[in-house]
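Each reported figure results from applying straightforward, stated rules to the coordinates on display, with no laboratory input. What you see is a predicted model, and the numbers here were worked out from it, not measured in a lab. Neighbour counts run over all protein chains shown; Cβ positions are idealised from the backbone, glycine included.
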Amino acid sequence: MLAQFNVPSAILVGGGASKEVGTQAKRFNPECVLLVTDLFMEQTGTAGQICGYLEKEGIKTSVFSGVRPDPTDKDVLSGLKQFQEDRCDMIVALGGGSPIDAAKVISVLVNNELPMSQYAGYHQVSRPGVPLIVIPTTAGTGSEVTKVAVISDTERDVKMMMLDLNLMADVALVDYELSLTMPPDLTANVGVDTLVHAVEAYVSKKANPMSDPIALSCISLVAQHLYTAYKEPDNRGAREGMMLASCQGGMAFANSSVCLVHGMSRPIGALYHVPHGLSNAVLMPTVTEYSVSGALKRYATISRTMGYVSEKDSDEAAGSALISGLQALNDSLNIPRMGECVKVDRTTFDEKVEKMAKDGLASGSPDNNPVVPDVADIIDLYHRAW
Ligand SMILES: [Fe+2]
């Protein structure tokens, strides 16, 4: 099997990397940059600092802070309008996965016709977008290094997954110092999402010799640093480790794939507005239990990398320890059960569960899972995670 490996043409990793945004942007010779971010980044002053680094290099800036969590097509169109009205010619994204995903799609919509729904799925974007620098502030989604964007389609109540090389940023500035202000619950949710990225990349049918070592490195970093980052928000070593893990998890899944956890997670986000990281985290132990027999050796390696068993233990023992270890990790991070996240009663949930299962399957991600489910299997898994 041929494996293709794509990342941004430059990734700057380390404390203070975000201060390089002006010098990095200058390489593209822009007149005006649209900074795509959210209200939180604007209110905390971080957006203003990033604009300052750009303006120091003689680049005009326009701040679009209208991206909401789990961004919608409407957020993207508002950003596109501002880009055009302010005659921008380049984009910088600042924030978690939501501003970064929205910025990727704004970038390609400048050069590709509407409606954006035609770009959902795999390799549908025909022309490259405008230059894009991404600065993640959460560790995380890994979106800074992926060719994927997820945008909610407000008419159809589905999350559109777009995957195309034209969605890849040109430069990623991975600065752990920006993650020091993440609150503990967000640290936990997106930290487990990082782990899901690496685990799914490693057990996927699309796993390959380039993504494997990066996935295992990410898993090891999460095992070392996630709990500390959650308990001690100011711990710079733990924050640095998780920011690196997030970037590696993104590289791993973007060059392999995600699987069933992400397939089942997106409908929960679309219908109940549960944040992406949280919906992945609540599904992880249940889906792992279902999937482990399909790739026992690989799940055993993950279990050993997490430190749940030693090299001497059998693969079967390692697989069992992984299932209980992941649930214990969720418990230690105070991640709730799904029933508490969706904020509807069980009857209401059950009325929608078949649509969720069908939407999850239609995304294509479950096809890469070590055990490929049908609609009935997915309904059962949603119930088990309740
Ligand atoms: Fe994810």
Which value, in debye to the nearest 20, gives the size of the charge dipole of the chain about its Cα centre, when Lys and Arg are +1 and Asp and Glu are -1 at the Cβ?
-> 420
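Can you tell me the FRET efficiency between residue 74 and residue 375 if r is taken as the Cβ-Cβ distance and R0 is 41 Å, rounded to the nearest 0.05?
On the way: r = 30 Å, r/R0 = 0.74.
Efficiency for this residue pair is about 0.85.
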Counting alpha carbon pairs within less than 8 Å and at least 6 residues apart, what relative contact order, in whole percent, applies to segment 1-159?
-> 24
For segment 225-306, what class follows from the C-alpha gyration tensor (a ≥ b ≥ c being the square roots of its eigenvalues): rounded when a/c is under 1.5, otherwise prolate if a/b is larger than b/c, else oblate?
-> oblate
Using a Förster distance of 30 angstrom, determine the FRET efficiency expected from the C-beta separation of residue 165 and residue 354, and round it to 0.05.
-> 0.30
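For segment 332-382, what does the alpha-carbon gyration tensor say about shape, rounded, prolate or oblate, given a ≥ b ≥ c as the root eigenvalues, a/c under 1.5 as rounded, and a/b over b/c as prolate?
On the way: a/c = 2.52, a/b = 1.36, b/c = 1.85.
It is oblate, given that a/c is not under 1.5 and a/b is not larger than b/c.
Once you list every other residue whose beta carbon is under 13 Å from the beta carbon of residue 325, what net charge do they have if Lys and Arg are +1 and Asp and Glu are -1?
Local charge sum for residue 325: -2.
Grab the Cα-Cα distance for residue 362 and residue 10, subtract it from 0.36 nm times how many residues apart they are, and report the gain in nm with one decimal. Provide the component values of the computation, followed by the final result.
On the way: separation 352, 0.36 × 352 = 126.72 nm, distance 3.37 nm.
Contour length minus the Cα-Cα distance gives 123.3 nm.
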Does anyone have the angle between helix 375-385 and the longest principal axis of the chain? Alpha-carbon axes, 0 to 90°, nearest 10?
-> 90
At a Förster distance of 30 Å, what's the computed FRET efficiency of residue 181 paired with residue 384, Cβ-Cβ distance as r, to 0.05?
-> 0.25
Quick calc of log₁₀ I(q)/I(0), the chain, Debye, one scatterer on every Cα, no solvent, q values 0.11, 0.13, 0.14 1/Å, result -0.72, -1.01, -1.18
Spacing of the two label points (7 Å from each Cα toward its C-beta) at residue 344 and residue 154, in nm | 1.9
Angle in degrees between helix 296-306 and the longest Cα principal axis of the chain, rounded to the nearest 10 | 70
Distance (nanometres) between label positions extended 7 Å along Cα→Cβ at residue 126 and residue 228 | 5.2
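Would you mind calculating the gained length between residue 49 and residue 81 on full extension (0.36 nm times residue separation, minus the Cα-Cα distance), in nm to one decimal?
Details: separation 32, 0.36 × 32 = 11.52 nm, distance 2.37 nm.
9.1 nm is the gain from fully extending residue 49 to residue 81.
Loop-only check: which trypsin sites (Lys or Arg not before Pro) in segment 225-330 are DSSP coil with at most 14 other Cβ within 10 angstrom? Numbers along the way, then the final one.
On the way: sites: 231, 236, 239, 297, 298, 304, 312; in loops: 312.
Qualifying residues, ordered by number: 312.
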Using a Gaussian network model of the chain with C-alpha springs under 10 Å, which one of 286, 37, 154 is most mobile by mean-square fluctuation?
-> 154
If the cut-off is a Cα-Cα distance under 21 Å, which lysines reach residue 312, setting aside same-chain residues fewer than 8 apart in sequence?
-> 297
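Residues with beta-carbon under 14 Å from that of residue 70, excluding residue 70: net charge, scoring Lys, Arg +1 and Asp, Glu -1? Working shown, then result.
Working: positive: 68, 74, 159, 266; negative: 38, 73, 75, 101, 153, 157, 193.
Within the 14 Å Cβ shell, the charges total -3.
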Of the listed peptides 196-209, 81-94, 214-227, 256-269, what is their order by residue-averaged count of other C-beta atoms within 10 Å, with the highest listed first?
-> 256-269, 196-209, 214-227, 81-94
Just subtract the alpha-carbon distance of residue 29 and residue 118 from 0.36 nm times their residue separation and send over the number in nm, one decimal.
-> 29.0 nm
Which of the peptides 1-9, 115-123 is most tightly packed, and how do the rest follow, judged by the mean count of other Cβ atoms within 10 Å per residue?
-> 115-123, 1-9
Using alpha-carbon pairs under 8 Å, 6+ residues apart, how would you state the relative contact order of the chain in percent?
-> 15
Measure nothing but the geometry: give the 0 to 90° angle between the long axis through the Cα atoms of 276-291 and the longest principal axis through the Cα atoms of the chain, rounded to 10°.
-> 30
